[in-house]
Structures are given as C-alpha cells and as structure tokens.
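Just below is one structure, and these are the notes that go with it.
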Amino acid sequence: MSVDMSAEKMTKIEENLQRAVALKKMVNRWQNSHTHCMWQMTLSQRRNLYATLRMQGDMEQELALSNKQLLMVRQDALHQLFAKEHQQYQQELSQLGKAFYEERL
C-alpha cells in the first residue's frame, strides 16, 4: 500500500512539476512576445519620425522653390507693366510731338 501511495505521490509531483515547467515556458513566451512587440513599436516610432523629418525637409525645399518661382513670375509681371507704361508714355509724347531722349551710337 505504501509503495502505491508513494507512486501516486510521485505521479502527482511529476504532474505538478510538468505544469510548473509548462507555466514557466508560457511566461517566457509571453515575455519574449512582449519584448518583441515593444521593439517593433519603438522601431515603428523611429521610422515615423524619420519619415516626418524627410517629408518636412521636402516640404521646406518645395516651399523655397515655389517662393523663388513666384518671385520670378512677379518680376516678369512688373517688367511687362513697366514696358506697357513706357510704350503708353511714348505714344502720349508722340501725340504731343515729343519723344524720349535716346542716345544713338
């Protein structure tokens, strides 16, 4: 009877030991998954940061180019306005029988 009892106790101890080992493995897997998840999150945050910085640099460059182009367009419009006004003044002076002084070489 005592041999059966000790065999029963040994079986229960082995079962408890197997459960403890299985539980320890499960906890280790959970910790590894948690660590991997945290690493992925920080990696994603860094990627987003670099993408944002890269887009910000592109936007600044694009804004500078558009400002330069706008300046050129405004300068051209001003040049055309001055040319038109000059032509108008020439016509008015011509009607009065006068002209701008132009040095001829």
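Report the equivalent ellipsoid semi-axes for the chain in whole Å, largest first, defined as the square roots of five times the eigenvalues of the gyration tensor built from alpha carbon atoms.
Equivalent ellipsoid semi-axes, largest first: 96, 9, 4 Å.
Once you reduce segment 10-48 and segment 88-105 to the center of their Cα atoms, the two points are 94 Å from each other. For the pair L81 and R104, a Förster radius of 25 Å applied to the C-beta separation gives a FRET efficiency near 0.40, rounded to the nearest 0.05. Our helix-only sum for the chain, with -39,500 (n - 2.57) per DSSP H run of n ≥ 4 divided by its residues, gives a mean residue ellipticity at 222 nm of -34500 deg cm²/dmol. Between the residues A64, T11, C37, the greatest Cα displacement towards the positive end of the dipole of the chain, with unit charges on the Cβ of Lys, Arg, Asp and Glu, is found for T11. Label sites at R29 and D58, each approximated as a point 7 angstrom past Cα along Cα to Cβ, lie 4.2 nm apart. Solvent-accessible surface of segment 9-105, taken per residue with a 1.4 Å probe and all protein chains present: 101 Å². Each residue was assigned an accessible area with a 1.4 Å probe, and for S6 the value is about 60 Å².
The values are calculated or read from the model by the stated rules, or taken from the named source; none is laboratory data. None of these values were measured; they are calculated from a predicted model. Note that we place each Cβ from the backbone using ideal geometry, even for glycine, and neighbour counts take in every protein chain shown. Each accessible area value is taken on the protein alone, full model and side chains, heavy atoms only, with ligands, DNA and RNA left out. Shrake-Rupley method; radii C 1.70, N 1.55, O 1.52, S 1.80 Å.
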